[in-house]
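A.B. asks: Please see the structure below; I have some questions.
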Amino acid sequence: MTVMEAIRHRFSVRKFKDFEIEEEKLERVLEGARLAPSARNLQEWRFVVVQDPHMRRALSEAANGQAFVAEAPAVIVACAITTEHVMSCGLHCFPLDVSIAMAYMTLVAVEEELGTCWIGAFNAERVKDLLGIPDEVIVVGLLPIGYPDAEPPRKKRLSLDEIVMRERWQA
Ligand SMILES: Cc1cc2nc3c(=O)[nH]c(=O)nc-3n(C[C@H](O)[C@H](O)[C@H](O)COP(=O)(O)O)c2cc1C
């Protein structure tokens, strides 16, 4: 599978088959995150892989009650261990670095015939309490992962003409 094929095939999976994920597949997905780029190669990402069904249910409650989070056989909780680095462009490194790693995982997942859904709607304090995540660590996102039990919908995206400008900003 090419990278572009993985990008085209990826969609937010909100219904999962009741199968476990093979450990080798899960490790390949996590390896995708490990190899991602980060500002100054900080690699400030850390990942908690949650497979316990009770904890998955608690996480789904913390994710504003999004029930499918508990239905995935695993939930990867993506965190940043430091927030102190700021690039000269003014942006913090951590949300970018952790998000790139998460995006890589979503694509490796497709190659492994798995599906994911990025979860940004969650109560971060609740997730931290549940998983014993220290105060100084930030939870950036949750990634339920499993075998999809859904067909890819047609992608709704703006056209290139609507999002790309050449040479300078065009009003
Ligand atoms: C940062 C971020 C946060 C998101 N949070 C949620 C979420 O909490 N729940 C959910 O069902 N989908 C969530 N999504 C999925 C988006 O709704 C989805 O990616 C978008 O509608 C495009 O659809 P597609 O992923 O199927 O291409 C999130 C996506 C991103 C990138």
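The values are calculated or read from the model by the stated rules, or taken from the named source; none is laboratory data. Since this is a predicted model, take the numbers as computed values, not measurements. Glycine gets a Cβ as well: all are built from the backbone with ideal geometry, and neighbour counts include every protein chain shown. Ligands, DNA and RNA are stripped out before the accessible areas are found, and what is left, the full protein with its side chains, is counted by its heavy atoms. Shrake-Rupley method; radii C 1.70, N 1.55, O 1.52, S 1.80 Å.
A.B. asks: Counting only protein heavy atoms and a 1.4 Å probe, tell me what percentage of the stretch 3-163's accessible area is made up of carbon and sulfur.
C.D. replies: Answer for the stretch 3-163 is 52 percent, counting heavy atoms of protein chains only.
A.B. asks: Same structure again: Hey, in the GNM for the chain with a 10 angstrom Cα cutoff, which one of Gly90, Gly120, Gly32 fluctuates hardest?
C.D. replies: Looking only at Gly90, Gly120, Gly32, the biggest GNM fluctuation is shown by Gly90.
A.B. asks: Taking only pairs that are 8 or more places apart or on different chains, how many Lys pairs in the chain have Cα atoms under 21 angstrom apart?
C.D. replies: Numbers: Lys15/Lys25; Lys15/Lys155; Lys15/Lys156; Lys17/Lys25.
Count of close lysine pairs: 4.
A.B. asks: Work out from phi, with θ = phi - 60° and the Karplus expression 6.51 cos²θ - 1.76 cosθ + 1.60, the ³J(HN,Hα) of each residue of the stretch 36-48, listed in order in whole Hz, and give x for Gly and Pro.
C.D. replies: Using θ = phi - 60°, the values come out as 5, x, 8, 4, 6, 6, 5, 6, 7, 6, 9, 10, 9 Hz.
A.B. asks: Then there is this: Just how much of Glu27 is accessible, in Å², when a 1.4 Å probe is used and the result is rounded to the nearest 10?
C.D. replies: The accessible area of Glu27 comes to roughly 110 Å².
A.B. asks: Stretch Ile7-Asp52 to full length: gain in nm at 0.36 nm per residue minus the Cα-Cα span?
C.D. replies: Difference between extended and current length: 13.3 nm.
A.B. asks: Additional query: Kirkwood Rh and Cα-based Rg: tell me the resulting Rg over Rh for the chain, rounded to two decimals.
C.D. replies: Values: Rg = 16.9 Å, Rh = 17.0 Å.
Using only Cα positions, Rg/Rh for the chain is 0.99.
A.B. asks: Using a simple spin-label model with points 7 Å from Cα along the Cα→Cβ vector, what separation in nm is obtained for Val86 and Ile100?
C.D. replies: 2.0 nm
A.B. asks: To the nearest 10 square angstrom, what accessible area does Ile163 show with a 1.4 Å probe?
C.D. replies: Estimated to the nearest 10 Å², Ile163 gives 100 Å².
A.B. asks: Rank Val29, Val48, Val127 by mean-square fluctuation in a GNM of the chain with C-alpha springs under 10 angstrom and give only the top-ranked residue.
C.D. replies: Among Val29, Val48, Val127, the largest mean-square fluctuation in the Gaussian network model of the chain belongs to Val48.
A.B. asks: Give me the net charge of Met4's neighbourhood, meaning all other residues with Cβ under 15 Å from the Cβ of Met4; Lys, Arg count +1, Asp, Glu -1.
C.D. replies: Charge balance near Met4 sits at +2.
A.B. asks: Taking the Cα centre of each part, how many Å lie between the stretch 27-68 and the stretch 72-122?
C.D. replies: If we compute the Cα centre of each part, the gap is 8 Å.
A.B. asks: Also, quick follow-up: May I ask you to compute the full-extension gain from Glu113 to Asn64, defined as 0.36 nm times their residue separation minus their alpha-carbon distance, rounded to one decimal in nm?
C.D. replies: Difference between extended and current length: 14.9 nm.
A.B. asks: Let me ask something else. Give the calculated FRET efficiency between Arg40 and Ile163 to the nearest 0.05, with a Förster radius of 30 Å applied to their Cβ-Cβ distance. Walk me through the numbers before you get to the answer.
C.D. replies: Details: r = 29 Å, r/R0 = 0.96.
Approximately 0.55, to the nearest 0.05.
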